[in-house]
Amino acid sequence: MFALLSLFILGVGAAAAIELPLYHQPALIKPLLKAVEVEAPAHYDFSYSVHDEHTGDIKSQTESRKGDQVQGQYTLIDADGYLRTVDYTSDAHNGFNAVVRRDPLGQKVIKAAPIAKILAPAPLPLAYAAPKLVAPAKLPLSLYH
């Protein structure tokens, strides 16, 4: 038993004596500095419009922002033929405010004619055939064991 213990201690000592190569250099300690990024106030102008006579998709939007103040307008044609115009503003003091206007376009919306009701004959009751009873085939007894 003593021989085994001494052999184990020798093995641990030999393993500790082997130097393993370092695969990375220890990181240099840098002083902690708080980096403060100063953001410039947001500033943009944006607009788009769609005018597709084939599908009837007619709409537009414009928006501009200077710092925390946003103002814009969008328009679209409602299903009832009115032009909806929304003017909006938003800032830190007043929040979001919108003014909605609906102006008639002078186009008359044509409503579809009512669909005529067609009376279908009552469905016939379904008839099913009674299932046939089939006797099981007689198999040799050797198949059951």
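None of the figures in this text is laboratory data; all of them are computed from the coordinates on show. Not measured: the values here are computed from a predicted model.
Calculate, in nm to one decimal, what Lys132 and Ser64 gain on full extension: separation in residues at 0.36 nm each, minus their alpha carbon distance.
Taking 0.36 nm per residue and subtracting the Cα distance, the gain is 16.5 nm.
In straight Cα distance, which aspartates and glutamates are under 16 Å from Lys66, not counting same-chain residues fewer than 8 positions off?
Glu39, Asp45, Asp91
Which whole-Hz couplings ³J(HN,Hα) result when phi for each residue of the range 40-46 is put into the Karplus expression 6.51 cos²θ - 1.76 cosθ + 1.60, θ = phi - 60°, listed in order with x for Gly and Pro?
6, x, 5, 8, 7, 10, 9
Give the Cα extents of the range 43-104 along the principal axes, in whole Å, largest first.
Principal extents (largest minus smallest coordinate, Cα): 41, 21, 11 Å.
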